[in-house]
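Derivation of every value follows stated rules applied to the coordinates shown; laboratory data play no part. Note that the structure is a prediction, hence the values are computed from the model and not measured. Cβ: placed from backbone, ideal geometry, glycine included. Neighbour counts: every protein chain shown.
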Amino acid sequence: MAKNVKYYATGRRKTSIARVWVSSGTGKITVNGRTIDDYFPRLTWQADVKEPARITKLLTKIDVLATVKGGGISGQAGAMRHGIARALVQLDENLRTALKSESLLTRDPRMKERKKYGRPGARKRFQFSKR
């Protein structure tokens, strides 16, 4: 890995968008100017974000700088995971097979279903009264 070279990728999940820069470093992850422990308080969210680097065994060899917006915290963690995986493929094309086998390069297509007219939600119906 070349020094001072940053690899950029975009990750998406639900309505969250993560802009991710990966460079060589010591394993520091910064999200919106805050540390990963500060921004993602749950360990499951932190594990989600670190998963691509853990699978490729680069957790202590790269630094991640991310700007995340939209959606909730869980969606933002998923968007960062997607972005980091895509940036790692730019860093080294040989990592693609490992990341693809774990489905980290595929954008999760699940979205919130829209509310339909004549109903209080996407599928829920108003209460029915027989009499």
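Miscellaneous remarks
- Computed from backbone phi, the HN-Hα couplings of the range 47-58 come to 5, 4, 5, 7, 3, x, 6, 5, 5, 8, 6, 10 Hz, rounded to whole numbers (Karplus: 6.51 cos²θ - 1.76 cosθ + 1.60, θ = phi - 60°; Gly and Pro given as x).
- Packing-based order for 44-55, 79-90, using average beta carbon neighbours within 10 Å, highest first: 79-90, 44-55
- Relative packing of peptides 26-33, 64-71 - highest average C-beta neighbours within 10 Å first: 64-71, 26-33
- Rounded to whole Hz, the Karplus (6.51, -1.76, 1.60) HN-Hα couplings of the range 96-109, x for glycine and proline: 4, 5, 5, 6, 5, 5, 8, 6, 8, 8, 8, 6, 6, x
- Neighbour net charge for residue 8 - beta-carbon separation under 12 angstrom, K R +1, D E -1: +3
- Taking N as the residue count of the chain, its C-alpha radius of gyration divided by 2.2 N^0.38 Å amounts to 1.30.
- 29 Å Cα-Cα reach of residue 124 towards lysines, excluding residues that sit fewer than 8 places from it in its own chain: 14, 112, 115, 116
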